[in-house]
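The values are calculated or read from the model by the stated rules, or taken from the named source; none is laboratory data. Just so you know, these numbers come straight off a predicted model, no measurement behind them. Here the Cβ is made from the backbone with ideal geometry for all residues, glycine too, and neighbour counts use every protein chain on show. Keep in mind that these areas ignore ligands, DNA and RNA; they rest on the heavy atoms of the full protein, side chains included. Shrake-Rupley method; radii C 1.70, N 1.55, O 1.52, S 1.80 Å.
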Amino acid sequence: MNNDYTHALDYHEKTKHSQISILYSRHYLDWENRPNPFKVYVDLKSILLPDSFPVPSMNAVKAIAAVNNNNINNKEGDIKFLDKDTSIDDSNYADINRIKSFRLTDLASILFFTCGITRHIKFNSTDYYMRAASATGALYPIEAYVVNGDINKNDLDAGVYHFNPGSFSLTAIRKGDYRKVLASYSANNSTTMHSPVSLVFTSNSWRNAWKYQSRSYRHWFWDCGVILANLLAVCKSFGLQTKLLMGFIDDEVNKLLGLEYHEEAAIIVASLYASSYLKGGVTNSKSTMGNGCEPTNEHGNEKSDGNIIQQVDNLKPKVYPLSLSKVFYPDIWKAYDTSKLQNSSQVVNWISKTNFIIDSSSKSNNSNNKKRVLKKYPIETNFTDLEIPTIGKVILKRGSSRRFSRGAVSLKTLCNILTSSMGVEGKANLPMDYNLGQLGLVDLYFIANNIDGLQKGGYYFNATENTLDFLSDIPYADFSGHLCLDQPLFADASAVIFLMVELKKILRVLGNRGYRVVQMESGIIAGKLYLLSYTFGIGASGSTFYDDEVTDFFSYHDGPKSTMIAIGIGTSPYQSKSGTVLPLRLTNEQMCGESKTL
Ligand SMILES: Cc1cc2nc3c(=O)[nH]c(=O)nc-3n(C[C@H](O)[C@H](O)[C@H](O)COP(=O)(O)O)c2cc1C
C-alpha cells in the first residue's frame, strides 16, 4: 500500500488552497464545539513533575544549528559567542556520564521547553494556554508520551506515560520497561532499545480538523515538527542527542500507547542518548547490533526477517471527550492508512530503501539542469560580537508575531537565520532513521520585501554556492501577503520564506510515507526558523498559502516544486512579553471545562 504513492499525491492535490477553494468553502467555526486542547484520562493516576528544573542554557545558535557553527562559518575566522549565562552544557556534551545521571528534573525540563505551557492569556473571558512551540490555530493537536526505563532509581519508575502540559504531570498508562517493546516496532532500533527515554509524539486529529478539515493532516507534521525543533535544541543543550524515527509499525505503536483507532496516531519516536554511549541505527540481526545489544527475543509471536515483534495487551483508557461531537474526515485517515508500515520487514525495507545517493544534478527539475538565476548575492554570515541569548531564553521569548512593522532587516540577520536553519550544502542534517545520502529534501525560497542590501523580489537560498539567488521581481507590493492567503501580516513581513520540495521524486522512493517525511522535515526547519528569528532579535510567524500560486511564482528557477510551509519574518511594532517557566497545575475542571461532565 505504501508504495502506491498516488494516494499521497491525491491527498496533496485535494487539500490545496486556491482562491477558488477559499471562496467556495462553506466551512465555519463552531465555537460551541471547539475541541479541548488537553487529553485527560478519567481513571488513571497522574504523577506531578517537579516544578523546579534546569533551564537549558546553551548559546541558542549552537543549540539550534544543524551542524557545528565552526563548520558553517569557517570562512569567518574566530567566532565569539557571548553567553550571558554560564553554561555547563558544552562540557557535558555527549558524555557517557550525562546519560547515567539523567534525572526526572531533566525530563521535566525537556518536556516543558518542548511542549509545556509558557503563557496564560485571557481573551473574551476564555483562557488560552500558549505553549513552548507554535501550533496552527493554537489548537495543539500533538500529544507527547514517554517510554522510559527506571530514571535515577526512585525518580520515576519504568513505564509508558502520557505527558499532560496543563497539570505538568505524567499519567501512567503501562507499568514496566517497554523500551525493548517499542524498539521491536522499529526493527529493533538499538538507540530506542537502550535510550533512557523515548518520547513518542502523536496527533489527536479532531483537535486540528475542527478548524482546518482535511488539510489538517499536513498540520500533524507541521505542529509536531516545530516541537521537534525545540526538542533537538534543548537536548543538545543538555548534552544529549536525539534519534528521530519515522519508520515503525504504526498499529503496534498506537496499541502500546492505548490510542483510539482513527482518532489519534503516533507519528514519530524521539529517542534520547549520548553519542559515546550508543550508536543509533537499524539493526536486524545480532551481528550488526554492536555495543553488546541482544536482539529482542522475549514474548515475541511474529517473526519477520529476524525481527520479533513484542505484543502488548489492548488498552482502552477512558478519556474525557474533546468536544460535544466530532466530524470524521476520511481523506485524513486514507492518507494516514495508506502510508502505514505493517511489519518489521516493511520497516527494514522502508529505511534501507531510503539509503541511496542522489546527486544534486539529478535532483534538479529543469530538463537542461540549468537553474535560472538573474543575479547572485554572496551570503554574509557573521556571528562575531553578536550577543546570542541562551536557548532557554529564546524559547520563552518565542511567540508568533501578530503584526510586523515593515521595517528593514539586515542582510546579515537574514543570512544568519537561513544558514543556521540548514546544514552545509542545504541539507537539513536532521537525525532521522532514514538516510537520504546527498539529498536535502527541503529547499528554501523567499520573497524579500525589506531586506537591507537586497532588491525586492523572489530568491532561492543557494547553500551549495553560498549565495542568495535573485530570481524575479514581485508583481506588486503586497504579493507575499497574497500568496499567504491574503493575510496582511505576511505582506508586512520583511521576508517570507517558502519551504519547497520535489514531492514526486521523494514519494517515488519513500512511498506515501514520504509525504509524512517531507511535511515533518519542513515542520522542523520551520521551527528552527522561528527560534532563530527570535535569537537574532526579530519576530516570525508560520503561514499557510495558495499552493499552486507559490509553486508558479518560484518555478522559473528550477521547475515546479510543491509548497510545504511558509514563514514570515520581520520587525515588530510592539515589545512582546517573554513567556515564563510556568509549570501550571490545572485541575481536570480547568482543563476539560464542561466536557468533563459529559
Ligand atoms: C506551520 C504554521 C502555520 C501557521 N499559519 C498561520 C497563518 O496562516 N496565519 C497566522 O496568523 N498564524 C499562523 N500560525 C501561527 C499560529 O497561529 C500560532 O503559532 C498559534 O496561535 C500559537 O501561538 P504562538 O506561536 O504565539 O505560541 C502558524 C503556525 C505554524 C506553526
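In table form, for the structure just shown:
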{"read-out": "Qualifying residue in segment 550-557 (condition: within 16 Å of the ligand (Cβ to nearest atom) and either part of a strand (DSSP E or B) or over 19 Å from the mean Cα position of the chain (by Cα) (or both))", "value": "yes"}
{"read-out": "Top-ranked residue of segment 203-220 - restricted to ones that are under 14 Å from H27 (Cα atoms) and among the hydrophobic types (A, V, I, L, M, F, W, C), ranked as nearest to the chain's Cα centre (by Cα)", "value": "A209"}
{"read-out": "Residue in segment 106-123 that is under 30 Å from T136 (Cα atoms), at pLDDT 85 or above, in a helix (DSSP H, G or I) and over 19 Å from the mean Cα position of the chain (by Cα) present", "value": "yes"}
{"read-out": "Within segment 505-542, tally of residues that are open to solvent by 10 Å² or more (accessible area, probe 1.4 Å) and outside any helix (DSSP H, G or I)", "value": "4"}
{"read-out": "Selection count, segment 129-160, where residues are within 20 Å of M520 (Cα to Cα) and part of a loop (DSSP other than H, G, I, E, B)", "value": "7"}
{"read-out": "Checking T563 against (1) over 15 Å from F404 (Cα atoms); (2) of a type outside the set (A, V, I, L, M, F, W, C); (3) within 16 Å of the ligand (Cβ to nearest atom); (4) in a helix (DSSP H, G or I), the condition it does not meet", "value": "(4)"}
{"read-out": "Only one of D547, D558, D552 that is outside the structural domain of G137 (by TED's automatic domain parsing) and without any contact (Cβ under 8 Å) to a residue 40 or more places away in the chain", "value": "D552"}
{"read-out": "Residues of segment 478-499 that turn out to be open to solvent by 10 Å² or more (accessible area, probe 1.4 Å) and either without any contact (Cβ under 8 Å) to a residue 24 or more places away in the chain or not assigned by TED's automatic domain parsing to the domain that holds K376 (or both), as a count", "value": "3"}
{"read-out": "Condition check for R131: within 16 Å of the ligand (Cβ to nearest atom) and open to solvent by 10 Å² or more (accessible area, probe 1.4 Å)", "value": "yes"}
{"read-out": "Leading residue by the ranking (nearest to the chain's Cα centre (by Cα)) among those in segment 161-180 that are part of a loop (DSSP other than H, G, I, E, B) and of a type outside the set (A, V, I, L, M, F, W, C)", "value": "P165"}
{"read-out": "Some residue of segment 287-296 being at pLDDT below 95, in a helix (DSSP H, G or I) and farther than 24 Å from Y41 by Cβ", "value": "yes"}
{"read-out": "Residue selected from segment 1-19 under the condition aliphatic (A, V, I, L, M) and modelled with pLDDT of 95 or more, by the criterion most open to solvent (accessible area, probe 1.4 Å)", "value": "L9"}
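Quick grid of which residues meet (1) open to solvent by less than 10 Å² (accessible area, probe 1.4 Å); (2) at pLDDT below 95; (3) in contact with a Cys (Cβ under 8 Å, 6 or more places away or on another chain); (4) at negative phi:
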residue	(1), (2), (3), (4)
V147	yes, no, no, yes
A172	no, no, no, yes
G176	no, no, no, no
R179	no, no, no, yes
V197	yes, no, no, yes
S203	yes, no, yes, yes
R207	yes, no, no, yes
N230	yes, no, yes, yes
A233	yes, no, no, yes
